[in-house]
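So the structure is just underneath, and the comments pick up after that.
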Amino acid sequence: MSSPPWHREVLERLMGRRPRLPHALLVSGRPGIGKVAFAREFARSLLCESPIDLLACGECPSCHWFGQSNHPDYREIVPEAAEEGDGETPEAEAGKDPARKSLVIKIDQVRAIRDFVSLSTHRAGHRAIVLHPAEALQPAAANALLKTLEEPPPATVILLVSDRPARLLATIRSRCESVVLRAPARAQALAWLAEGGAMDAEASLALAGGAPLLAADLARPEERDWRRKVVAELSRPDGAHVFSFAVGMDRANLDRTLFVMQTWVHDLLRLKHDSGPRHHIEAAAALKAKARRARLDRLLALDRELLEARRLAGHPLNARLAAEHLMMAYNRATLG
Ligand SMILES: [Zn+2]
């Protein structure tokens with residue numbers, strides 16, 4: 001899928017300040033709108049040796065290296081669990097259980113930045129570091145990063161990417177220039193999804209609340225298959241079959257289930273307030289039937305529980321028990 005075009009204007013504006021770019025940027029905005037892609041594109045353009053209209057040419061040695069993910073003046077810092085393979089690496093190959101990989105950014109990873117910036121640059125004289133998600137910084141790592149931001153290394157731009165900038169240290173935020181990115185207009189998002197060959201682009205985009213990268217992810221066959229299973233369960237007139245549904249539940253499917261349940265409950269709440277569904281537009285009839293018997297107070301309580309469960313995503317918990325518990329709460333909320 002091509003890099004998202006809807007942030008181009010912001011990128012051009014920033015690159016237009018090329019001789020005097022800030023040392024650090026905090027790129028924020030909703031999940032799934034392409035913040036990391038933006039940060040990478042910024043880095044690629046910064047490092048490009050012959051930019052065209054301020055942006056990366058795609059042809060020079062620097063762009064070539066960037067494309068091969070081995071540019072010597074570029075580093076990306078992510079939690080261990082988000083590294084290559086995205087947790088999908090077979091256990092034997094990864095050497096350890098992917099579920100046990102770290103979900104936080106550790107101090108050693110931030111210290112490595114210091115070593116990296118102490119070397120001279122290899123190519124055009126700039127260096128770029130993209131760190132995401134910034135809210136995954138452990139407290140000690142955040143403090144180490146703050147020291148680096150307080151004494152900014154020369155010719156280096158550090159980009160922090162975050163869905164939840166409010167969770168960062170205020171002292172870190174104040175050292176960064178804020179770049180707030182937005183979702184594109186619906187038509188542009190749909191065109192981009194179609195170009196990438198996404199199935200059910202409209203339904204996926206609705207489910208993603210208008211965030212195109214999230215929609216592309218939700219349109220993948222394994223996501224759609226699981227979603228159908230959860231929606232079928234949530235739609236049962238006699239209530240979800242809690243125990244058979246939860247059998248064999250693993251962490252990844254629990255996360256998928258949480259997303260479907262959360263968006264489903266939001267739709268039920270909208271129906272309770274006489275609006276139409278916003279996310280599960282293909283299941284409008286089932287939603288309406290469910291909303292009729294649902295109790296508002298219990299739906300609101302379930303919504304809070306789901307939010308809390310998603311917040312605990314990084315913590316070890318028994319996926320089967322969590323799924324059972326939430327499905328039971330769902331039945332209590334929707335069977336009147
Ligand atoms: Zn180039």
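The values are calculated or read from the model by the stated rules, or taken from the named source; none is laboratory data. As the structure is a computational prediction, the values presented were derived from the model and not from experiment. Glycine gets a Cβ as well: all are built from the backbone with ideal geometry, and neighbour counts include every protein chain shown.
Could you list all residues from the range 267-301 that are touching a residue at least 60 places away in the same chain (Cβ under 8 Å) and crowded, with 18+ Cβ neighbours inside 10 Å? Break it down into steps so the answer makes sense when it comes.
Our first condition is that a residue be touching a residue at least 60 places away in the same chain (Cβ under 8 Å); within the range 267-301, this holds for 268, 278-282.
Within the range 267-301, Leu268, His279, His280 meet the criteria.
Among the residues of the range 11-43, write down those that are of a type outside the set (A, V, I, L, M) and over 24 Å from Ala189 (Cα atoms). It would help to see each step written out before you state the result.
Taking the range 11-43 first, the residues of a type outside the set (A, V, I, L, M) are 12-13, 16-20, 22-23, 28-32, 34-35, 38, 40-42.
Listed by number, the residues that qualify are Gly16, Arg17, Arg18, Pro19, Arg20, Pro22, His23.
Residues in the range 28-37: is at least one within 13 Å of the ligand (Cβ to nearest atom) and either of a type in the set (Asp, Glu) or closer than 18 Å to Leu11 by Cα (or both)? Step through it out loud before you land on a result.
We begin by selecting, within the range 28-37, every residue within 13 Å of the ligand (Cβ to nearest atom); these are none.
No, because not a single residue in the range 28-37 is within 13 Å of the ligand (Cβ to nearest atom) and either of a type in the set (Asp, Glu) or closer than 18 Å to Leu11 by Cα (or both).
Hey, does the range 232-244 have a residue that's crowded, with 19+ Cβ neighbours inside 10 Å, touching a helix residue (DSSP H, G or I) at 6+ places or on another chain (Cβ under 7 Å) and farther than 16 Å from Leu326 by Cβ?
Just the residues of the range 232-244 that are crowded, with 19+ Cβ neighbours inside 10 Å, to begin with: 233-234, 240.
When the remaining residues are screened for being touching a helix residue (DSSP H, G or I) at 6+ places or on another chain (Cβ under 7 Å), the result is 233-234, 240.
Subsequent filtering for residues that are farther than 16 Å from Leu326 by Cβ retains none.
No: the range 232-244 contains no residue that is crowded, with 19+ Cβ neighbours inside 10 Å, touching a helix residue (DSSP H, G or I) at 6+ places or on another chain (Cβ under 7 Å) and farther than 16 Å from Leu326 by Cβ.
Can Arg278 be described as in a helix (DSSP H, G or I) and charged (D, E, K, R)?
Numbers: in a helix (DSSP H, G or I): no; charged (D, E, K, R): yes.
In short, no.
If a residue has to be more than 17 Å from Gly210 (Cβ to Cβ) and either assigned to a helix (DSSP H, G or I) or in contact with a Gly (Cβ under 9 Å, 6 or more places away or on another chain) (or both) to count, how many in the range 245-275 make the cut?
Qualifying residue count for the region: 18.
Within the range 1-49, how many residues turn out to be within 22 Å of Trp65 (Cβ to Cβ) and charged (D, E, K, R)?
The total comes to 5.
Within the range 208-215, is there a residue that is small (Gly, Ala, Ser), farther than 28 Å from Met328 by Cα and free of Cβ contacts under 8 Å to residues at least 60 places away in the same chain? Step through it out loud before you land on a result.
Residues of the range 208-215 small (Gly, Ala, Ser): 208-211, 215.
Of the ones still in play, those that are also farther than 28 Å from Met328 by Cα are 210-211, 215.
Next, from what is left, pick out any that are free of Cβ contacts under 8 Å to residues at least 60 places away in the same chain: 210.
Yes, the range 208-215 has at least one match.
Pairs only if they're at least six apart or on different chains, beta carbon under 7 angstrom, first in the range 50-69 and farther than 23 Å from Val10 by Cα, second more than 6 Å from the ligand (Cβ to nearest atom) and not in a helix (DSSP H, G or I); list them, first residue then second.
Partner pairs satisfying both residue conditions: Trp65/His71.
Which one of Asp297, Asp225, Asp267 is at pLDDT 90 or above, of a type outside the set (A, V, I, L, M, F, W, C) and under 30 Å from Ser102 (Cβ atoms)? So that I can check it myself, show each step before the final result.
Working: Asp297 fails: under 30 Å from Ser102 (Cβ atoms); Asp267 fails: under 30 Å from Ser102 (Cβ atoms).
Going through Asp297, Asp225, Asp267 in turn, the sole match is Asp225.
All but one of (1) outside any helix (DSSP H, G or I); (2) under 22 Å from Ala136 (Cα atoms) hold for Leu306; state the number of the condition that does not hold.
Result: Leu306 passes all but (1).
Looking only at the range 219-251, which residues are free of Cβ contacts under 8 Å to residues at least 24 places away in the same chain and within 21 Å of the chain's Cα centre (by Cα)?
Arg220, Pro221, Glu222, Asp225 - these are the residues of the range 219-251 that are free of Cβ contacts under 8 Å to residues at least 24 places away in the same chain and within 21 Å of the chain's Cα centre (by Cα).
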